[in-house]
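The values are calculated or read from the model by the stated rules, or taken from the named source; none is laboratory data. Just so it is clear, the structure is predicted and the values come from calculations on it, not from any experiment. Cβ sites come from the backbone with ideal geometry, for glycine too, and all protein chains shown count toward neighbours. Just so you know, the surface numbers come from the protein's heavy atoms only, side chains and all, with ligands and any DNA or RNA stripped out. Shrake-Rupley method; radii C 1.70, N 1.55, O 1.52, S 1.80 Å.
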Amino acid sequence: MLESFFFFIGGVQPKVKVLDEKPRRCPRCGLHQAYLKRVDHYISVFFIPVLKVKTGEPILICDRCQTPTSESGAASPTESAKFCRFCKKEFPGEYVFCPVCGRRL
């Protein structure tokens, strides 16, 4: 009897999308290098994104200091801040997932 099998390479991967190309002022460093971004999660087959699974929330991330802030541009207080143990960045306390790498905080 002839048996065959199928080898599948796939998974879920995050993809960062820049929502607004106009730079905004970063509340931490003061430079106009912060952009409105969103992290979407896609199911990928053979490393090609095929289907969007989750749409992230818009977040303002500075390209220089890598500080994430809310969409309005208000910096988060450090008392309720959480840190991502994978990318070592600080985020507001209400975040559950890291907007940079997509992993749970």
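Under a 1.4 angstrom probe, counting protein chains only, how are 64, 38 ranked by accessible area, largest first?
64, 38
Rank these by accessible area, largest first, 1.4 Å probe: 65, 84.
65, 84
Using a Gaussian network model of the chain whose springs link C-alpha atoms within less than 10 Å, name the residue from 83, 91, 46 with the highest mean-square fluctuation.
Maximum fluctuation in the GNM of the chain, among the listed residues, is at 46.
Counting only protein heavy atoms, what percent of the accessible surface of region 10-62 is carbon or sulfur at a 1.4 Å probe?
Taking all protein chains in place, region 10-62 shows 55 percent carbon and sulfur surface.
Test of understanding: extend the Cα→C-beta vector of residue 47 to 7 Å, then name every residue of region 12-37 with backbone N under 19 Å from that spot.
Under 19 Å, as judged by backbone N against the label point of residue 47, lie 12-16 of region 12-37.
With volume of the Cα convex hull per residue in Å³ defined as stated, name the option among (1) 102; (2) 86; (3) 121 computed from the structure displayed.
(3)
Between residue 29 and residue 55, what FRET efficiency follows from the Cβ-Cβ distance if R0 is 30 Å, with the result rounded to 0.05?
Approximately 0.60, to the nearest 0.05.
If 97, 8 are ordered by their accessible area, calculated over protein heavy atoms with a 1.4 Å probe, which sequence runs from highest to lowest?
Ranking 97, 8 by accessible area, largest first, yields 8, 97.
Report the extension gain between residue 94 and residue 22 in nm, rounded to one decimal, defined as 0.36 nm multiplied by the number of residues separating them, less their alpha carbon distance.
Here the answer is 23.3 nm.
Which value, in Å² rounded to 10, gives the accessible area of residue 57 with a 1.4 Å probe and all protein chains present?
150
How many Å² of accessible area per residue for the chain, probe 1.4 Å?
On a per-residue basis, the chain sits at 71 Å².
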